[in-house]
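Note sheet for the following structure.
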Amino acid sequence: MQFEKYQGTGNDFIIVDNRENDFKPDKNTVEHLCDRKFGIGADGLMLLENEPGYNFKMVYFNADGNESSMCGNGGRCLAAYAYSKDIFKDKCHFLAIDGDHDAKLLEDKGKSYTVSLKMIDVNEVNTFENDLVIDTGSPHYLRFLSDIANVDVYNEGYKVRNSDPFTKEGINVNFLEMKDGFLHVRTYERGVEDETLSCGTGVTAAALAAAEKGMLNGNNICKIQTKGGKLQVRFNRNDSGGFNDIWLEGPATFVFKGEIKI
């Protein structure tokens, strides 16, 4: 099987061109390919497939081998990959598990791209105890802290992810702090079951949480700092209190390509 590896602010993915439906993934194979010691190594694996009426279809698997909900950084990386294969020129329309998405290529530096991805509308922000829960294509738990540099993301995230009422389906857990003009975000990802360097749906949820808390001074743009790099989220606040026209922007970079026996 031939593959390419991409990363978006440290969130890394195996990408397979599956337009001929040659690859029939199963849980054990995907988990092996994503293993960082015995496989290629990645936070997830994506298939680019044909879909009538769209430029392509995105099929995403977490590192544990299970097909997952939407991945924002993955969507940006898959769009960059599709662009590199001449599937589209400036903008594309693709189908993912949570519905339709648009993506725009903002910059091409040759194997390093800047991609803007339109996320699904968010119609509600839920409160859980003193924290927030927002679904941006994947479910996210959001907790604001005063010093996230020293938070134990693995243990604290694991605790929330496996607590009632989240233990059955799992939830991604984000720790947030507004500092120096950036919203700093650290994320424990379900399916990876550890902290990742970045999470696209997570930073999108984080930006909307900051807006909900009045931390953006009425602005509809939020600059994000993750451990893997910088991202930006733009959005519109609608009259019903929800959010639409949400765009996640940032780098998507080719790492390497190869082939592996499966």
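The values are calculated or read from the model by the stated rules, or taken from the named source; none is laboratory data. If you're wondering where the values come from, they're calculated on a predicted model, not measured in any experiment. Glycine also receives a Cβ, built like all others from the backbone with ideal geometry; neighbour counts cover every protein chain displayed.
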Select from the range 35-61 the residues that are touching a Phe, Trp or Tyr at 6+ places or on another chain (Cβ under 8 Å) and of a type in the set (A, V, I, L, M) and write down the one among them that is surrounded by the fewest Cβ atoms within 10 Å (Cβ to Cβ).
-> I40
Inspect all residues belonging to the range 207-218 and state whether any of them is within 16 Å of the chain's Cα centre (by Cα), under 30 Å from G41 (Cβ atoms) and in a strand (DSSP E or B).
-> no
Is one or more of the residues making up the range 163-175 under 28 Å from Y113 (Cβ atoms), in the same structural domain as D135 (by TED's automatic domain parsing) and in a strand (DSSP E or B)?
-> yes
Restricting attention to the range 1-57, report how many residues are more than 17 Å from R76 (Cα to Cα) and of a type in the set (D, E, K, R).
-> 11
Could you check N150 against (1) over 18 Å from G229 (Cβ atoms); (2) surrounded by fewer than 13 Cβ atoms within 10 Å (Cβ to Cβ); (3) in contact with a strand residue (DSSP E or B) (Cβ under 9 Å, 6 or more places away or on another chain) and say which number it fails?
-> (3)
For the range 45-63, how many residues are touching a helix residue (DSSP H, G or I) at 6+ places or on another chain (Cβ under 8 Å), of a type in the set (A, V, I, L, M, F, W, C) and within 18 Å of S138 (Cα to Cα)?
-> 5
Give the residues of the range 58-90 that are among the basic types (K, R) and under 18 Å from R190 (Cβ atoms), sorted by residue number.
-> none
Filter result for G137 (assigned to a loop (DSSP other than H, G, I, E, B), outside the structural domain of G10 (by TED's automatic domain parsing), on the phi > 0 side of the Ramachandran plot and touching an Asp or Glu at 6+ places or on another chain (Cβ under 7 Å)) = yes
Of the numbered conditions (1) of a type outside the set (A, V, I, L, M); (2) in contact with a helix residue (DSSP H, G or I) (Cβ under 9 Å, 6 or more places away or on another chain); (3) part of a loop (DSSP other than H, G, I, E, B), N73 fails exactly one; give the number of that condition.
-> (3)
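Would you confirm whether or not the range 199-215 contains a residue that is out of contact with any strand residue (DSSP E or B) (no Cβ under 9 Å at 6 or more places or on another chain) and among the basic types (K, R)? Steps first, please.
Narrowing the range 199-215 to residues out of contact with any strand residue (DSSP E or B) (no Cβ under 9 Å at 6 or more places or on another chain): 214.
Checking the rest, the ones that are also among the basic types (K, R) come to none.
There is no residue in the range 199-215 that is out of contact with any strand residue (DSSP E or B) (no Cβ under 9 Å at 6 or more places or on another chain) and among the basic types (K, R).
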F61 vs. criteria in contact (Cβ under 8 Å) with a residue 24 or more places away in the chain and part of a strand (DSSP E or B) | yes
Is at least one residue of the range 144-151 under 19 Å from the mean Cα position of the chain (by Cα) and at pLDDT 95 or above?
-> no
Pull up the range 1-59, narrow it to residues that are basic (K, R) and over 22 Å from the mean Cα position of the chain (by Cα), then point me to the one that is modelled with the lowest pLDDT.
-> K24
